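This report concerns only the one structure given below.
Each value in this text was obtained by applying a stated rule to the coordinates, not by laboratory testing. All figures in this text were calculated on a predicted structure; none of them were measured in a lab. Positions of Cβ are backbone-derived with ideal geometry, glycine not excepted, and every protein chain shown enters the neighbour counts.
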Amino acid sequence: MSESTNAWPRFEVFVLGRNALQYKHSSSLHAADARHALLLARDIYFRRQEGVSLWVAPSDSLDENGEPPSAGESATESQQYEVFLQLKPGLDHLHVASLLAASASQALQRAERAFGEFPPGAVWALPSAALSCSEPDEREMLFEPMAGKTYRLPTFFQLPEAVNHM
């Protein structure tokens with residue numbers, strides 16, 4: 001099945017949990033733009049009020065270790081990159097550093113020097129300029145509506161007596 005040319009772009013979602021110290025990669029989603037991605041991520045990942053802040057970034061802005069350098073990596077001026085690290089296969093990528101680099105491949109090299117060798121895909125570099133973040137002054141609008149809604153687990157509902165004996 002081929003992907004349609006008019007499909008929405010894919011965004012990566014990073015969540016700062018209520019008691020967490022660093023952002024972690026939650027998943028990816030398709031959205032029309034970054035603002036739409038923030039709203040969709042809020043609806044998906046904040047139903048149970050488990051987080052306090054969101055980052056979203058286009059998937060094509062993310063570079064991984066073990067991949068060839070992205071096209072157009074001839075930047076000479078340094079910019080800030082966010083570095084995410086997956087400590088073991090199967091675990092989430094965690095935000096571990098912000099650093100200045102001239103390109104994504106240079107950011108990945110610096111991260112590997114700082115954190116050691118990891119398998120391909122375990123270290124991500126993302127330009128900070130590509131991130132769209134939930135703003136502190138929008139906190140009430142983005143996250144407070146979830147406080148008024150009870151998230152109901154299946155155990156919340158009472159079953160008829162006849163069903164309990166099945």
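For Val163 paired with Leu91, estimate the spin-label separation in nm (one decimal), with each label point 7 Å from Cα along the Cα-to-Cβ line.
Modelled inter-label distance: 4.0 nm.
In whole Hz, with x marking every Gly and Pro, tabulate ³J(HN,Hα) for the range 31-41 from phi via Karplus 6.51 cos²θ - 1.76 cosθ + 1.60, θ = phi - 60°.
Going residue by residue, I get 8, 5, 7, 5, 5, 4, 4, 4, 5, 5, 4 Hz, with x marking Gly and Pro.
Can you list the residues, at least 5 places off or on another chain, whose amide H is less than 5 Å from the amide H of Ser26, using H built in the peptide plane?
When sequence neighbours closer than 5 places are left aside, the close amide H contacts are Val13, Phe14, Val15.
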